[in-house]
Amino acid sequence: MLLIATFVALVFAYSLVSRRLQRTVITGPIVFTTVGALMGFSPEVTTALSLDRQAFLLVAELGLVMTLFTDASRIGLQMLKGRTNLPLRLLSTGMLLTIVLGASLAMVLLGKLAWWEAGILAAILAPTDAGLGQVIVSSPDVPSKIRQALNIEAGLNDGLAVPFLMFFIALAAAEQQGAGSASVLSHFLVEQLGYGALVGLGVGLAGGCLIGLARRRQWMDAAQTQLGVVALPLACVLAAHASGASMFIAAFIAGLATQVGFRKVGQHSIEFTEDWGQLLNNFVFFLFGLLVAQAWSQFSVMILLYAVLSLTLIRMLPVALALRGAGLQPSTVLFMGWFGPRGLASIVLGLFYLENAVSLPGEPTIRLAVMATVMLSIFAHGLSTLPGIRRYAAALAPLGPTAAERLADTETDKRAA
């Protein structure tokens, strides 16, 4: 009860000063992670955490499921179109190179990790978190095309990272159990991805069409629409659990499919995410602080070095290569490379891996590297957001309206500008 009581009191206290904190570098993740870490040194908390591990994992997974559904439901394919295709560059070339470079450096720096173990670590740390850089994606000082590209990247790369993670987990399981890689790959494609996609399509198409029909016929009260939308990702969780599919794949596909029958699903899902969904996310960061407090003494120099490289070289080099030919200023490439924070998705994917993968020799290394990277990101990106925006705005000030950063790339950019 001490954990719950502390968290509830913290939520109330944070809500009282949340508007004042928006003007500072103190973000919500910093607050909840810090208090969680301080609580983690209590022996009573350590016992409670070990007893309630499954419950904590469930809350964390639900938070990511809601995030995946919301992100997919509010991003249309038209946002990926345009002359320079900044989001598409980041989500294709940028993300693939991030995983390859992250896995390669993990094998070099972190001891004798097998390549699939290094792949697991790289896939967990590949997604970025728009929540940690919310000030950036809403700041008028950042050109609309740049903040929209970062927002779309963060909205989609967590869903795209899931298949990579599950693929590497499947290969690791095959190696541990001595099973054939072909049968493991078949099991992975059919059950996890295939069933997950089918569940997501079924729930999304059926749910979206029913909600759309009910709204058109005026059967549904406007205030209840949000609840109807929230029920869809929860239905994905239940259906995925029953069929052995991936709840993350199902939720992501459902968010895309729901738009077919109900175009405004993104508006209603984000309303929940910004309210009750934020409570789940804050709890995940609170839990993360607890876990880090128990493991901080195990962080080695090489673990911390990898964490620094994960937020710099492993992120920035792929972004720079992906953005070649887009006509952007070096300051823009540096800005987009730095502000790729690791947060909620990496925490939950890390917990998911620990609960669902077989015991691997490199598991402690993977766990510590994820913790160190996310913890460093929470503070480094949170504290550098406002100064970073000011410096970037000053660098762009001399540029004229024909600069690539200021030119609207798509009709969506024009509406956002």
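The values are calculated or read from the model by the stated rules, or taken from the named source; none is laboratory data. These numbers come from a predicted model, not from an experiment. Here the Cβ positions follow ideal geometry from the backbone for every residue, glycine too, while neighbour counts run over all protein chains shown.
What the table shows:
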{"read-out": "The range 219-237, residues that are in a helix (DSSP H, G or I) and either of a type in the set (Lys, Arg) or touching a helix residue (DSSP H, G or I) at 6+ places or on another chain (Cβ under 6 Å) (or both)", "value": "Thr225, Gln226, Gly228, Val229, Val230, Leu232, Pro233, Ala235, Cys236, Val237"}
{"read-out": "Looking only at the range 135-153, and only at residues there that are without any contact (Cβ under 8 Å) to a residue 60 or more places away in the chain and part of a helix (DSSP H, G or I), the one that is nearest to the chain's Cα centre (by Cα)", "value": "Asn151"}
{"read-out": "Those residues of the range 238-255 which are assigned to a helix (DSSP H, G or I) and either modelled with pLDDT under 80 or surrounded by fewer than 20 Cβ atoms within 10 Å (Cβ to Cβ) (or both), in sequence order", "value": "Leu238, His241, Ala242, Ser243"}
{"read-out": "Residue in the range 92-116 that is farthest from Pro361 (Cα to Cα), counting only those that are in contact with a Phe, Trp or Tyr (Cβ under 8 Å, 6 or more places away or on another chain) and part of a helix (DSSP H, G or I)", "value": "Ile99"}
{"read-out": "Residue count for the range 1-30, restricted to those that are in contact with a Phe, Trp or Tyr (Cβ under 8 Å, 6 or more places away or on another chain) and of a type in the set (Ser, Thr, Tyr)", "value": "1"}
{"read-out": "Matching entry among Ser310, Ser297 (being in a helix (DSSP H, G or I) and without any contact (Cβ under 8 Å) to a residue 40 or more places away in the chain)", "value": "Ser297"}
{"read-out": "Counted residues, the range 337-367 - those being touching a Leu at 6+ places or on another chain (Cβ under 9 Å) and either surrounded by fewer than 20 Cβ atoms within 10 Å (Cβ to Cβ) or assigned to a helix (DSSP H, G or I) (or both)", "value": "19"}
{"read-out": "Subset of the range 360-400 [small (Gly, Ala, Ser), touching a residue at least 40 places away in the same chain (Cβ under 8 Å) and over 18 Å from Arg315 (Cβ atoms)]", "value": "Gly362, Ala393, Ala395"}
{"read-out": "Identity of the residue in the range 47-91, of a type in the set (Lys, Arg) and either under 25 Å from Met316 (Cα atoms) or assigned to a helix (DSSP H, G or I) (or both), that ends up modelled with the highest pLDDT", "value": "Arg89"}
{"read-out": "Residue that is surrounded by the fewest Cβ atoms within 10 Å (Cβ to Cβ), among those in the range 256-268 that are touching a Gly at 6+ places or on another chain (Cβ under 7 Å) and farther than 12 Å from Ala72 by Cα", "value": "Val260"}
{"read-out": "Boolean, Ala5 is surrounded by fewer than 16 Cβ atoms within 10 Å (Cβ to Cβ) and at pLDDT 80 or above", "value": "yes"}
{"read-out": "Options Leu132, Leu110, Leu125; residue that is under 20 Å from Met375 (Cβ atoms) and surrounded by fewer than 23 Cβ atoms within 10 Å (Cβ to Cβ)", "value": "Leu110"}
{"read-out": "Single condition Ile211 does not satisfy, out of (1) within 23 Å of Asn157 (Cβ to Cβ); (2) at pLDDT 85 or above", "value": "(1)"}
{"read-out": "Single match in Thr312, Thr332 (criterion: crowded, with 16+ Cβ neighbours inside 10 Å and β-branched (Val, Ile, Thr))", "value": "Thr332"}
